[in-house]
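Down below is the structure, laid out as C-alpha cells.
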C-alpha cells in the first residue's frame, strides 16, 4: 500500500467517523447514553451540541478532501 493510497483511506475514515458522530448526536443516542451515566440538564445539551458540531465539521472538512481527491483522480 503506497503512501497516497494510505492517506486517501485515512481521509475517508475521517469522513466516515464524522458522519457517524453526527448521526449519533442527531438521533439522540449520545443523549441517551449520557443520561444513563447521570448527566442531565444543560450539561447534557452542551455536550450533545459539541459532539454534533465536531461531527459536522469533520464531515465537511474530510468530505471536501475526499471530493478533491476523487475529482483529481477523475480528471487524470
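Structure notes:
- No other residue among 56, 67, 12 is part of a helix (DSSP H, G or I), at pLDDT below 90, surrounded by 14 or more Cβ atoms within 10 Å (Cβ to Cβ) and out of contact with any strand residue (DSSP E or B) (no Cβ under 6 Å at 6 or more places or on another chain) apart from 12.
- Pairing each residue of the stretch 51-69 that is in contact (Cβ under 8 Å) with a residue 12 or more places away in the chain and on the phi > 0 side of the Ramachandran plot with any residue that is in a helix (DSSP H, G or I) and buried (at least 16 other Cβ atoms within 10 Å of the Cβ), provided the two are 6+ apart or on different chains, yields no C-beta distance under 7 Å.
- Residue within the stretch 28-42 that is surrounded by 12 or more Cβ atoms within 10 Å (Cβ to Cβ) and not in a helix (DSSP H, G or I) present: yes
The values are calculated or read from the model by the stated rules, or taken from the named source; none is laboratory data. The structure displayed is predicted, hence computed values, not measured ones. FYI the Cβ positions are ideal-geometry reconstructions off the backbone, even for glycines, and counts take in every protein chain you see.
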